[in-house]
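A.B. asks: Just dropping this structure here.
The values are calculated or read from the model by the stated rules, or taken from the named source; none is laboratory data. From a predicted model like this one, the values you see are computed outputs, not experimental measurements. All Cβ positions, glycine included, derive from the backbone under ideal geometry; neighbour counts span all protein chains shown.
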Amino acid sequence: MNQNEFREMIENRPIDEIRVGDRASTQHTLTLEDIQLFAILSGDVAPTVLDEEYTASTLGQKVTAHNMWGGALIAALLDTKYPGPGTLCLDQTLHFEKPVAVGDTVTIAVTVKEKDSASRKVILDCEGVNQKNETVVSGTAVVLAPTQKIRRERQILPTVRLLDSYARYYRKLIAKTRDLEPLRTAVVHPCDAVSLRGAIGAAEAGLIVPVLVGPESRIRAVAESEGVDLSICTIIPTEHSHEAAERAVAMARTGQVEALMKGSLHTDELMGEVVNKGTGIRTARRISHVFIMDVPTYPRPLFITDAAVNIEPSLDDKVDIVQNAIDLAHALGIETPKVAILSAVETVTTKIRSTIEAAALCKMSDRRQISGAVLDGPLAFDNVVSEVAAKIKGIVSPVAGKADILLVPDLESGNMLAKQLEYLADAQSSGIVLGARVPIMLTSRADKEMSRMASCAVALLFARNRAKPAG
């Protein structure tokens, strides 16, 4: 059998083949991605086109309405099916009678009304009806029909994937904090523009009450050069960054502040004070970091732990690391998070330590030594994020393709994973340190503004909604 027989062909109707009364139709179901792509191409970003909440309040329905899409379908039908390739549209008059909404299936039809062979002009009635047989668009089109027969292979269009780089999950998190009292937060050594602006921005958003701990002259110099108003801040003057870390941790230990935010000092300098056995703010839990990743290509947020604090955690360490992440998920509204314990393979083998520890952690979950989540592992990354990959490999798992939390084998693999998602998948990343008496925001100089705001929102939600750790 010739492979061309498998290829879809398109064929036009030259003027001498067109008859009055001829009819052609096409059908399509409107998706949100269709509307977003239409908006990108046209620049139409009106609320009734893209804003679901606006549409719900004004039209009384939780869908996105759009009319012009029906006109685009008519044009596509004329160009590709009837009369087809070689057609030139001269005029089009359309009436949009009902809004088309996400999920509506619209059948577009054109019927030949008049034909003039000498001028090659053809007038067609156009109509579109939805799945309820309601007319959504009607009108006429005048085209110049082709003179030559054309039959050709239908071009395969590239797959278009729309990536939302505006962190919708982060915006939802920030929205959840609207009725919460902001966190009194020690901002440690905010002596550069990025860290100072991040703290002030979070304060203006109602997420934190900033207490700036560091050399006052340097802080004020940065504020003056950046045009930042410090009237909403309290300043605790120190001589240098080490004293700033020491003072901030002491304030957290005595309850004067509810959270810590890293400024322009090194992470080790701040965390060294946090874990100090005599003067730190450790609890009975192992301290660990959780990245909260908003990945445009994944349908839910991804919590990655630990990719910033524990370099090569033991099995005992991982028990606390995963429980910290579970507690955070609960505080952010995920009732029963699915935890994937990552490794390079899906089977337990003595040659790979992470697989042994994954199996042990799952059994510990069965025995309620880890609570509040569904655990499975070892799982390779493809099975964690893709149900299709898991099915192909014959893996039956309640977590495969649906993971909320990724427990990585060690800091190196976790850090590389988080950075790959951020720089290759256009993900937004935020995160906090857990297991101490207060949440700690380890912001980075490379963090975007939305990521900094999201870290503050996460810390606020965790502080207000968590169960207090032991110790």
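A.B. asks: Tally time: how many residues in the range 130-147 are more than 24 Å from N12 (Cα to Cα) and either at pLDDT 95 or above or outside any strand (DSSP E or B) (or both)?
C.D. replies: Summing the residues that are more than 24 Å from N12 (Cα to Cα) and either at pLDDT 95 or above or outside any strand (DSSP E or B) (or both) in the range 130-147 gives 5.
A.B. asks: Which one of these is under 30 Å from N465 (Cβ atoms), outside the structural domain of S429 (by TED's automatic domain parsing), without any contact (Cβ under 8 Å) to a residue 12 or more places away in the chain and among the charged types (D, E, K, R): D179, D79, D116?
C.D. replies: Testing whether each residue is under 30 Å from N465 (Cβ atoms), outside the structural domain of S429 (by TED's automatic domain parsing), without any contact (Cβ under 8 Å) to a residue 12 or more places away in the chain and among the charged types (D, E, K, R) leaves just D179.
A.B. asks: How many residues are modelled with pLDDT under 85, assigned to a loop (DSSP other than H, G, I, E, B) and more than 30 Å from H95 (Cβ to Cβ) if we restrict to the range 148-161?
C.D. replies: Qualifying residue count, the range 148-161: 6.
A.B. asks: Here is a further query. For the range 83-94, indicate whether the set of residues that are touching a strand residue (DSSP E or B) at 6+ places or on another chain (Cβ under 9 Å) and more than 27 Å from K149 (Cα to Cα) is non-empty.
C.D. replies: Within the range 83-94 (the criterion being touching a strand residue (DSSP E or B) at 6+ places or on another chain (Cβ under 9 Å) and more than 27 Å from K149 (Cα to Cα)), the answer is yes, since at least one residue qualifies.
A.B. asks: Can you tell me which residue is modelled with the lowest pLDDT among those in the range 92-117 that are within 18 Å of A141 (Cα to Cα) and in a loop (DSSP other than H, G, I, E, B)? Working first, answer last.
C.D. replies: As a first pass, look at the range 92-117 and keep what is within 18 Å of A141 (Cα to Cα): 92-97, 107-117.
Then keep just the ones that are in a loop (DSSP other than H, G, I, E, B); that gives 97, 117.
Numbers: E97: 86, S117: 93.
Selected residue: E97.
A.B. asks: So G201 ticks every box in (1) of a type outside the set (A, V, I, L, M, F, W, C); (2) more than 23 Å from L332 (Cα to Cα); (3) assigned to a helix (DSSP H, G or I); (4) touching a residue at least 24 places away in the same chain (Cβ under 8 Å) but one. Which box is left unticked?
C.D. replies: (2)
A.B. asks: Where in the range 242-317 are there strands (runs of 3 or more DSSP E), lying wholly inside it, with at least 2 residues that are over 33 Å from the mean Cα position of the chain (by Cα) and closer than 30 Å to K402 by Cβ?
C.D. replies: It comes to none.
A.B. asks: Would you be able to say whether some residue in the range 432-450 is buried (at least 17 other Cβ atoms within 10 Å of the Cβ), at pLDDT below 90 and assigned to a helix (DSSP H, G or I)?
C.D. replies: Yes, because at least one residue in the range 432-450 is buried (at least 17 other Cβ atoms within 10 Å of the Cβ), at pLDDT below 90 and assigned to a helix (DSSP H, G or I).
A.B. asks: In addition: If I filter the range 217-232 down to residues being out of contact with any helix residue (DSSP H, G or I) (no Cβ under 8 Å at 6 or more places or on another chain) and farther than 19 Å from R184 by Cα, which single residue comes out as surrounded by the fewest Cβ atoms within 10 Å (Cβ to Cβ)?
C.D. replies: G227
A.B. asks: Output the residues belonging to the range 451-467 that are modelled with pLDDT under 85 and under 19 Å from A308 (Cβ atoms).
C.D. replies: If the condition is that a residue be modelled with pLDDT under 85 and under 19 Å from A308 (Cβ atoms), then S451, R452 are the ones that fit.
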